[in-house]
Amino acid sequence: MDSSRHRDHVALVTGAGSGIGRATALRLAGEGAQVVGCDVNAEGLDGTLAAIRKAGHDASVLTADITDQAEVDRIVDDTLARHGRIDVLANVAGIMDWFLPAHEVDDDTWRHVMSVNVDGPMMLCRKVLPSMMERHAGAIVNIASVGGLGGGAAGVAYTVSKHAVVGLTRSIAWVYQTEGIRCNAICPGGVETNIGTTAVPRSEWGLGRLAKIHALGERMAQPDEIASLLS
C-alpha cells in the first residue's frame with residue numbers, strides 16, 4: 001500500500017458500513033485520502049470509523065439512504081462544504097435479489113434492487129460530476145459484477161441492475177473523457193461480505209439454474225482484494 005497515493009484527495013465511499021465498502025474506506029484512508037463514508041447502516045459506519053482510527057487515520061461518516069435524491073444531495077453538498085472537492089466517488093453500495101428468476105420476481109424486489117444498485121449510483125454520479133468538471137479532474141469507480149457481463153450469476157433483478165451499472169460506467173467514461181474525469185467499473189465474482197438476507201435464495205428453481213456457473217468458482221474473494229483494485 002502506498003501511503004501517499006491519495007494524499008490531499010477526498011474520497012466519497014458508499015456502502016462503507018461493511019464488506020467491500022468498509023475495505024475500500026480503510027484502504028483509501030491508508031493511502032492518504034480524506035474519506036467520507038456513507039451507508040444506511042449507522043452501526044456499521046461506526047465500526048468502519050473505529051477501524052480507520054485504530055489504523056492511525058481519520059475519516060468522517062454520514063448515515064444516508066442513496067435511493068433518496070434529497071439524501072444524495074445532502075451527502076455530496078456536505079462533503080463539498082467540508083472539504084471543497086470530491087476527487088474519488090466509489091459507488092460500492094449494493095444488494096442481491098434472492099436469486100429470483102424473471103417468472104418469480106415481484107415488483108417490490110425489482111424496484112428495491114434497481115433503486116439501490118442503479119438509481120443510487122446514477123444520482124451520485126449526476127451530483128458529483130459538475131464539481132469534477134469545474135476542476136477538470138476526478139475519478140468514479142462503480143462496483144458492478146460478473147453478473148453484469150453475463151446471465152448466470154444471480155437473479156433477474158440483480159443481473160439487470162449490474163448490466164445497467166456497466167452501461168452507466170461506459171457512458172460516463174466516454175462522454176466525460178475530455179473533461180479529465182475517469183470512470184471505471186469493477187466486476188467481481190463472489191465476495192465474502194455480509195450482503196445479508198438479500199443473498200438468501202427464495203427460489204430453489206432459480207438457484208438451481210445457476211448451479212453450473214457457481215460451481216466454477218474456486219473460492220470467494222475477500223473484500224480487500226476488491227478494494228485494492230479500486231484504490
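Coordinate-derived values only; no laboratory data. The model shown is predicted, which means the values in this text are computed figures rather than measured ones. As a convention, Cβ positions derive from the backbone with ideal geometry for all residues, glycine included, and neighbour counts pool all protein chains shown.
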Checklist line | Local net charge near His6, Cβ-Cβ under 11 Å (Lys/Arg +1, Asp/Glu -1) | finding: -1
Check: Does segment 141-187 classify as rounded, prolate or oblate by the C-alpha gyration tensor (a ≥ b ≥ c root eigenvalues; a/c under 1.5 gives rounded; else a/b over b/c gives prolate, otherwise oblate)?
Finding: prolate
Notebook entry, point to check: So how do Leu12, Leu216 line up by other beta-carbon neighbours within 10 Å, fewest first?
Noted result: Leu216, Leu12
Next item on the list: Please report the relative contact order for segment 74-186, taking Cα pairs under 8 Å with a sequence separation of at least 6, and give it as a percent rounded to a whole number.
Entry: 32 percent
Check: Hey, what number do you get for the chain at 222 nm if only DSSP H runs of n ≥ 4 count, each worth -39500 (n - 2.57), divided across all residues, to the nearest 500?
Finding: -14000 deg cm²/dmol
Note to self: Less than 12 Å Cβ to Cβ from Leu100, Lys/Arg counted +1 and Asp/Glu -1: what total charge do the surrounding residues give?
What the structure shows: -4
Item checked: For the chain, with +1 on Lys and Arg beta carbons and -1 on Asp and Glu, the positive-most of Leu62, Gln34, Gly44 along the dipole -> Gln34
Check: Does segment 101-140 classify as rounded, prolate or oblate by the C-alpha gyration tensor (a ≥ b ≥ c root eigenvalues; a/c under 1.5 gives rounded; else a/b over b/c gives prolate, otherwise oblate)?
Finding: prolate
Next item on the list: Work out which helices of the chain, taken as complete DSSP H runs, extend at least 20 Å along their axis over the Cα atoms and score a mean Kyte-Doolittle of -1.0 or more, then list them.
Entry: 69-83, 120-135, 156-175
Next item on the list: Any chance you could run the full-extension gain for Glu225 through Leu80? It's 0.36 nm times the residue separation minus the Cα-Cα distance, nm to one decimal.
Entry: 49.3 nm
Check: Between Glu43 and Ser171, what is the label-to-label distance in nm when each label sits 7 Å out along the Cα-to-Cβ direction?
Finding: 3.7 nm
Check: Computed FRET efficiency, Cβ-Cβ of Lys54 and Asp106, R0 41 Å: what is it to the nearest 0.05?
Finding: 0.45
Check: Quick one: if you stick a label point 7 Å off each Cα along the C-beta vector at Ile213 and Ala199, how many nm between them?
Finding: 1.6 nm
Next item on the list: Among Glu225, Glu218, Glu71, rank each residue by its count of other Cβ atoms within 10 Å, from fewest to most, as a rough exposure measure.
Entry: Glu218, Glu225, Glu71
